[in-house]
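The values are calculated or read from the model by the stated rules, or taken from the named source; none is laboratory data. Computed from a prediction, not measured in an experiment: that's the story for all the values here. Note: ideal-geometry Cβ built from the backbone for every residue, glycine included; neighbour counts use all protein chains shown.
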Amino acid sequence: MLFAVLAVLVTAVSAWVAYGRVRSALESEFERRLARVAATAASQIEPELIHEVRARGEESAGYLSVQVQLVTLRSATGVDDASLIDSTRATLVDARSSEGVEGLASSLDSLAGPALTRALGGIPAVSEPFRRGGRALRASFAPIRSPGGAALGAVAVEAEAAYLPVLDALGRTLTAIGLVTAVAIAVLAVLIVRAATSAATLERRLSRAENLAAMGRLTATLAHEIKNPLAIIRGSAERLRMLDPEAQRMATFVIEEADRLSKTVARYLQFARVGEEPRQGGDAATALQATLDLLEGELGARGVMLERAGGLTAAPVGLDNESLKQVYLNLILNALEAMPAGGRLRIGEAERHGRIEVSIADEGAGIPPDVLRRVGSPFYTTKAQGSGLGLFLARRLVRASGGDLHIQSLEGRGTTCTVRLPRRRA
Ligand SMILES: Nc1ncnc2c1ncn2[C@@H]1O[C@H](COP(=O)(O)OP(=O)(O)OP(=O)(O)O)[C@@H](O)[C@H]1O
Ligand SMILES: [Mg+2]
């Protein structure tokens, strides 16, 4: 933003400087030429003619000679007017004699007073622009000095400051250019700020991905370290159970808890399976059947009735059977956990547009929309005992073989998870 403000300022200042240069060049050229015309005229008027014209007016010979000079000058140079003014600021002779201004106070006294005063003080001067008859004019005054050096009067030459409209047009053009530049810079700045913001967002996402990967590695190491002592604990408890019938109950607890722990550890290890070599493909239908066989007892114990629709004989997909079982197991366990008092578990199998679809629907409480947006993020869980990795892992596996996992839920009605995998061509 600072860059944009600076750029606009620099543009404005350079336009202003350029305008100033052009203006002073045009002005000084105009002043030089007008001053030269006035000086030439003044050099040709004898000082004593002023006394004569003042004393005898239009009757005098001097009047005629001065008038001829001024009229000639006017027509030769194309200036607007030329006049002779005396030290009392009255017009003695005017090139436009038809005006009948002789003897009257010169109009230039009010229009170009300061410059006239300077000239009557003996110094040639050019006035600031003034308006007359709707036009911008400037007047140049050249003093006529007595042999003693005192200014007896001055020759005034007026000309239209034709450069002023040019300057106005230039000013307008520069302002327009300045505005367009400012707008362009503002647009550019907005684009740059947007690009920078999206770069920052990308960086944040990347660093989140890096954190996740680091967390994964840490989890894997930890889980691995736990796995071996756990196996020893379990083995020892098993032996203890055989050796000492007294300790049988305790030993069974130890074994059960060790099994539970090792499942958790396996799950965390799975989480860290980043960038592993893809295994051979499997069969979506076979893996589904194997998972349901595994869970048969569990379904019965929980009062869950299984309903199946469709059914595929062969469903080759890019995901291996172990991973497929992992996916189904996570989804079915979620469904069972959503129906603690039992209910119907509906499993559908179908093939659409070259994709194998397996849907798992429960009649549980459903997922509120704000939770639905977050499920599947690693470690996001609403369960006291949950790890929040089930859906994350399932989705990652499915996506790795070109498929997707879609979760649809209606609060109070239930949830349907659909796994879609492209059929693998032989
Ligand atoms: N079928 C479902 N019905 C209702 N809520 C569900 C269902 N499946 C998932 N959820 C919600 O999604 C969350 C995340 O599920 P996910 O399977 O990833 O982790 P979890 O089940 O909490 O823990 P675990 O790692 O043991 O599976 C759950 O905590 C639950 O709130
Ligand atoms: Mg789960």
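I'd like to verify a number: residues in the stretch 324-345 that are closer than 14 Å to Thr291 by Cα and away from ligand 2 (no atom under 16 Å from the Cβ), how many?
1
So Ser359 ticks every box in (1) within 45 Å of the chain's Cα centre (by Cα); (2) within 26 Å of Gly300 (Cβ to Cβ); (3) at pLDDT 95 or above; (4) within 14 Å of ligand 2 (Cβ to nearest atom) but one. Which box is left unticked?
Here Ser359 meets the rest and fails (4).
Against the definition (touching a residue at least 60 places away in the same chain (Cβ under 8 Å), within 16 Å of ligand 2 (Cβ to nearest atom) and out of contact with any Leu (no Cβ under 7 Å at 6 or more places or on another chain)), how does Leu389 come out, yes or no?
The answer is yes for Leu389.
Name the residue, out of Gly364, Gly348, Gly388, that is under 19 Å from Arg308 (Cβ atoms), of a type in the set (Gly, Ala, Ser) and either part of a helix (DSSP H, G or I) or touching a Pro at 6+ places or on another chain (Cβ under 9 Å) (or both).
Just a single option satisfies the conditions, and that option is Gly364.
Here is a yes/no grid of residues against (1) surrounded by fewer than 21 Cβ atoms within 10 Å (Cβ to Cβ); (2) acidic (Asp, Glu); (3) farther than 20 Å from Arg36 by Cβ:
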site	(1), (2), (3)
Val71	yes, no, no
Leu84	no, no, no
Gly103	yes, no, yes
Ser106	no, no, yes
Thr117	yes, no, yes
Ile123	yes, no, no
Phe141	no, no, no
Gly153	no, no, no
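Restricting to the stretch 368-386, what's the tally of residues that are aliphatic (A, V, I, L, M) and within 12 Å of ligand 2 (Cβ to nearest atom)?
Qualifying residue count for the region: 1.
Using the structure shown, decide if Arg21 is basic (Lys, Arg) and either buried (at least 17 other Cβ atoms within 10 Å of the Cβ) or farther than 23 Å from Gly171 by Cα (or both).
No; evaluated as a whole, the condition is false for this residue.
Do the conditions hold for Leu188, that is, is it surrounded by 11 or more Cβ atoms within 10 Å (Cβ to Cβ) and in the same structural domain as Ala105 (by TED's automatic domain parsing)?
When the stated conditions are applied, Leu188 does not pass them.
Quick check on the stretch 391-415: of everything there that is assigned to a strand (DSSP E or B) and near ligand 1 (Cβ under 10 Å from one of its atoms), which residue is surrounded by the fewest Cβ atoms within 10 Å (Cβ to Cβ)?
Ile407
For a quick check of your reading: which helices (runs of 4 or more DSSP H) sit entirely within the stretch 1-89 and have at least 1 residues that are touching a strand residue (DSSP E or B) at 6+ places or on another chain (Cβ under 6 Å), over 30 Å from Val180 (Cβ atoms) and polar (S, T, N, Q)?
Counting at least 1 such residues, we get 61-77.
Name the one entry in Ser43, Ser83, Ser87, Ser28 that is assigned by TED's automatic domain parsing to the domain that holds Pro129, more than 23 Å from Gly149 (Cα to Cα) and of a type in the set (Ser, Thr, Tyr).
Of Ser43, Ser83, Ser87, Ser28, the one residue that is assigned by TED's automatic domain parsing to the domain that holds Pro129, more than 23 Å from Gly149 (Cα to Cα) and of a type in the set (Ser, Thr, Tyr) is Ser28.
Restricting to the stretch 384-426, what's the tally of residues that are more than 21 Å from Gly281 (Cβ to Cβ), in contact with a Ser or Thr (Cβ under 6 Å, 6 or more places away or on another chain) and among the hydroxyl-bearing types (Ser, Thr, Tyr)?
Residues flagged as more than 21 Å from Gly281 (Cβ to Cβ), in contact with a Ser or Thr (Cβ under 6 Å, 6 or more places away or on another chain) and among the hydroxyl-bearing types (Ser, Thr, Tyr) within the stretch 384-426 amount to 3.
Conditions (1) assigned to a strand (DSSP E or B); (2) more than 60 Å from the chain's Cα centre (by Cα); (3) within 25 Å of Tyr163 (Cα to Cα), marked per residue:
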| residue | (1), (2), (3) |
| --- | --- |
| Glu102 | no, yes, no |
| Ala115 | no, no, yes |
| Arg118 | no, no, yes |
| Glu128 | no, no, yes |
| Arg131 | yes, no, yes |
| Phe141 | yes, no, yes |
| Gly148 | no, yes, no |
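Out of the helices (runs of 4 or more DSSP H) lying entirely within the stretch 227-343, which hold 3 or more residues that are within 16 Å of ligand 1 (Cβ to nearest atom) and touching a strand residue (DSSP E or B) at 6+ places or on another chain (Cβ under 7 Å)?
321-338
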